[in-house]
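Only one structure is covered here, and it is reproduced in the block below.
The values are calculated or read from the model by the stated rules, or taken from the named source; none is laboratory data. Predicted model only: the values in this text are computed from it and were never measured. Don't worry about glycine lacking a Cβ; one is built from the backbone with ideal geometry, like all the others, and counts go over all protein chains shown. Accessible surface is based on the protein model in full, side chains and every heavy atom, while ligands, DNA and RNA are left aside. Shrake-Rupley method; radii C 1.70, N 1.55, O 1.52, S 1.80 Å.
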Amino acid sequence: MSSKKFQSKLMSLQNNLLNFAYILTSNRDDAYDLLQDTTLKALDNEDKYVDNVNFKGWVFTIMRNIFINNYRKVVRSSTIIDQTEDLYHLNLPQDSGFDTPDGAFAVKEINEVINSFSDEYRIPFSMHVAGYKYNEIAEEMGLPLGTVKSRIFFARQKLQTLLKDYR
């Protein structure tokens, strides 16, 4: 296929490619960037296109692969590697509240409110916050699963009510 014919076929697909890029990215600017990257990659690899292959499929595959590679790159770059000795950062909850002195004070107040609950609400709620699953809490306390869920729900509601003016 001649270079002019290749370019004209590629230009005739631009609207379809833009629609596909928008479906993949759900963002207009990202879709235009993906279209531009795809067009450039197709032009750079014009010599690799074989005449009897579906041209539209070939270009759409290029776009899909670019999108997947970009997505993987973003995921890799947002991964945090904790290199502390005891994995301190990895084990610290993301919104621990310990970033500021106010946050540490807030945790103290919240713990005081939770500790003011009666045992029937405090224990299952504390276990749930600590990461236990509902069925594990029910088994540990010898209660039906529904009772555990409702006690945690009511403890959460009570906590929200008592701290509604907080911040």
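For region 103-119, which positions are open to solvent by 100 Å² or more (accessible area, probe 1.4 Å) and at pLDDT 55 or above? Spell out the reasoning first.
Step one: list which residues in region 103-119 are open to solvent by 100 Å² or more (accessible area, probe 1.4 Å), which gives 105, 108, 112, 115.
Residues satisfying the conditions are Lys108, Glu112, Asn115.
Tell me, which residue of region 57-69 that is in contact (Cβ under 8 Å) with a residue 24 or more places away in the chain and farther than 16 Å from Lys5 by Cβ is least open to solvent (accessible area, probe 1.4 Å)?
Looking only at region 57-69, we keep the residues that are in contact (Cβ under 8 Å) with a residue 24 or more places away in the chain, and these are 59-60, 62-64, 66-67.
From what is left, the residues that are farther than 16 Å from Lys5 by Cβ are 60, 62-64, 66-67.
Details: Phe60: 42, Ile62: 23, Met63: 0, Arg64: 105, Ile66: 21, Phe67: 57 Å².
Checking each candidate, the answer is Met63.
I'd like the full set of residues that are open to solvent by less than 70 Å² (accessible area, probe 1.4 Å) and touching a residue at least 12 places away in the same chain (Cβ under 8 Å), limited to region 144-160. Correct list: Val148, Arg151, Ile152, Ala155, Leu159.
For region 1-27, what are the residues that are more than 18 Å from Tyr49 (Cα to Cα) and either open to solvent by 50 Å² or more (accessible area, probe 1.4 Å) or without any contact (Cβ under 8 Å) to a residue 12 or more places away in the chain (or both)? Steps first, answer last, please.
Just the residues of region 1-27 that are more than 18 Å from Tyr49 (Cα to Cα), to begin with: 15-16, 18-27.
Result: Asn15, Asn16, Asn19, Phe20, Tyr22, Ile23, Ser26, Asn27.
Taking region 124-167 as the range and being aliphatic (A, V, I, L, M) and not in a helix (DSSP H, G or I) as the test, the residues that pass are Ala130, Leu143, Leu163. When region 132-143 is limited to residues that are open to solvent by less than 80 Å² (accessible area, probe 1.4 Å) and closer than 15 Å to Glu120 by Cβ, the one that is nearest to the chain's Cα centre (by Cα) turns out to be Ile137. If we scan region 30-51, do we find a residue that is of a type in the set (Phe, Trp, Tyr) and touching a residue at least 40 places away in the same chain (Cβ under 8 Å)? Yes, there is a match, as at least one residue in region 30-51 is of a type in the set (Phe, Trp, Tyr) and touching a residue at least 40 places away in the same chain (Cβ under 8 Å).
Exactly one residue out of Val129, Val74 is within 30 Å of Asn45 (Cβ to Cβ) and modelled with pLDDT under 90, and it is Val74. The residue that is least open to solvent (accessible area, probe 1.4 Å), among those in region 28-56 that are of a type in the set (A, V, I, L, M) and out of contact with any Ser or Thr (no Cβ under 7 Å at 6 or more places or on another chain), is Ala42.
Here is the figure for region 30-71: residues that are hydroxyl-bearing (Ser, Thr, Tyr) and modelled with pLDDT of 90 or more total 4.
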